[in-house]
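Each remark here refers to the structure printed beneath this line.
Derivation of every value follows stated rules applied to the coordinates shown; laboratory data play no part. Computed from a prediction, not measured in an experiment: that's the story for all the values here. All Cβ positions, even for glycine, are placed from backbone atoms using ideal geometry, and neighbour counts span all protein chains on display.
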Amino acid sequence: MKAAFYLLLLGMVVPAFGQFNPQTKKMTLKHFPEKEDLPALTPALKKSEGFTNYPELIGFLEKLCADHPDKAQLSYIGETKKGLKIPMLRVSAGAEKTKVKVWMQGGLHGDEPASTEALLYLLHDLLYNAENSQMLSLLDLAVVPMANIDGYLKQERNNAEDLDLNRDQTKLMAVESPLLKKAFSSFKPHVALDFHEYRPFRRDFEKMGDFGVTGSYDVMFLNTGNLNVPLALRNFNKEVFLKPTQAALSSHQLSYHDYVTTIDYFGAIHFNQGSENPRSSVTNFSLQNTLATLIEVRGVGIGRTSIKRRMFTGYLIAKKYLEIATAERENIFQVLQTSAQSKQEVVVNSVKKVYQDKLDFIDLDKNELIKLDVTIRDALQSTATHTRKAPKGYFILPEWASLVEKIKLFGLEVETFPQAAPAQVEQYLVKQVKVNPQKFEKMNLQEIETVIQQMEINLPAGTFYVRMDQRAAAILPELLEPEAGNSFVSLGVLPAFEGKVLPIFRKIND
């Protein structure tokens, strides 16, 4: 009977604006007390139900600009599927030329409200608090506070096309995805933060502990372990940004961890840690030579419970990153320049390190913090399993101009051959293709095996060429190497057929 009660309890905590039952309220009061002293500066904090709606969002941003015309400028990067304009606020001050450029976005998943609310609170603080003036003189900040407006207004994860915008970072199918990617790439940020929330009550947590557990961390940090992101960039992010930010959280009694999420591994519960996947923003941004972090605050499915605590957590992290960015801007410029010039093999596939570790949870029966032994599959400690010599660039045949348009959205320059020309290339001969009949994000995934052949071919007029000696070129192998897990081929954007040559070629020689 007791087990059944707690399984029922877990099922009762997910309504978007519902209240917890008494047992869950006791857990919240003990482990996640509300930050009652947070002033009501944003639309959501000025009302007792719901979150910031679209008119409130636009009105809030317009007032910031009206009150601070010398520091804030509002623009719109495009429209959602339902025709709502997506706002972006630029914040800066003074004429300093060597400003560090920081990108922040929230609400990419529509059911993660504290991501947007924290950024609105940050913007209010930055512009109305005179103590921030010196920092703003060294910053160029671009903020998209509600990236998935259609989903946010319904408190639903996906956009109006039922696509997950954080699984769409390479194929760029959703209406909003190319708009966000173009805005990001045009801005060319040095530092990027993507604010999310995670679900603390999960069905697989019902099976853990004696009578179920819930997530215990106020926030988890998702960083990339993708091996095509230079090690110097990954280490700088960890040492310079992450550690001081974690110390700031500890000073406010807020708990943290590297981001982990459960997976079903042949019937057993394992935990993925970190990211190596470019269809997610943090790795995608990092591959565009940006110091990127994705923030996961504890919040999905719990309505307004602890909303001030959640907002403060996001705000504290955002503010700390800005402080570090301005203090370390010369070192940031240097590490990104070094990273862009790095020469390394292309990692086509990798494997995560698997080991046993302990994670903190809250036991729902005892209302106590406990540690459980778990299996971690750690992307932050990945090992390459398939590498290739980095090409000088990639040729793409004229009939696949649609791929080229996607590539340009990543801020990459593409040349076009005005006339036919011979070229020494490596071509991909498709040896085997397995098409998954089950749709993923409305696409049929392809598992492919190719044979590399060195050939001299005659490239037709109109052939496209993308050089690898560009700032954001580390993303190219993830898009164009066919065996890469999130390439245009693997995602089914470019179909492949056994015995045929793909319309993409590698240039090896000058």
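Could you grab the relative contact order for the stretch 281-438? Cα pairs under 8 Å, six or more apart, rounded to a whole percent.
About 16 percent, as a whole number.
Amide H of Met88: which non-local residues (sequence gap of 5 or more, or other chain) have their own amide H closer than 5 Å, using H built in the peptide plane?
Amide H to amide H, under 5 Å and 5 or more residues apart or across chains, Met88 pairs with Ser75, Tyr76, Ile77.
For Tyr128, what charge total do you get from the other residues with a beta carbon under 12 Å from its beta carbon, if Lys and Arg give +1 and Asp and Glu give -1?
Surrounding charge for Tyr128 is -1.
Dipole size in debye (nearest 20) for the stretch 168-227 around its Cα centre, Lys and Arg Cβ +1, Asp and Glu Cβ -1?
Dipole size: approximately 340 debye.
Whole Å is fine, so just give me how far the alpha carbon centre of the stretch 258-272 lies from that of the stretch 121-158.
32 Å
Largest first and to the nearest Å, give the Cα extent of the stretch 225-280 along each principal axis.
Each principal axis gives a Cα extent; for the stretch 225-280 these are 40, 32, 15 Å.
List, largest first, the extents of the alpha carbons of the stretch 2-381 along their principal axes, each in whole Å.
64, 53, 42
Given Cβ point charges of +1 (Lys, Arg) and -1 (Asp, Glu) and nothing else, what value in debye, to the nearest 20, does the dipole of the chain about its Cα centre take?
Value, rounded to 20: 80 debye.
May I ask for the Kirkwood hydrodynamic radius of the stretch 391-507, worked out over all distinct Cα pairs and given in angstroms to one decimal?
So the Kirkwood estimate lands at 14.5 Å.
Sorted by average packing, counted as other Cβ atoms within 10 angstrom per residue and highest first, what order do 276-286, 168-178, 122-132 take?
276-286, 168-178, 122-132
Normalising by the residue count of the stretch 210-366, find the relative contact order in percent from Cα pairs under 8 Å and 6+ residues apart.
Answer for the stretch 210-366 is 39 percent.
To the nearest Å, what is the center-to-center distance of the stretch 302-353 and the stretch 18-93, using C-alpha atoms only?
22 Å
Take the alpha carbon atoms of the stretch 170-197, find their center, do the same for the stretch 402-464, and report the distance between the two centers in whole angstrom.
23 Å
Relative contact order (percent) for the stretch 2-381, with alpha-carbon contacts under 8 angstrom and 6 or more residues of separation?
21 percent
Mind checking which of Gln356, Thr375, Pro437 is farthest towards the positive end of the stretch 350-458's charge dipole, using Cβ charges of +1 (Lys, Arg) and -1 (Asp, Glu) about the Cα centre?
Of Gln356, Thr375, Pro437, it is Pro437.
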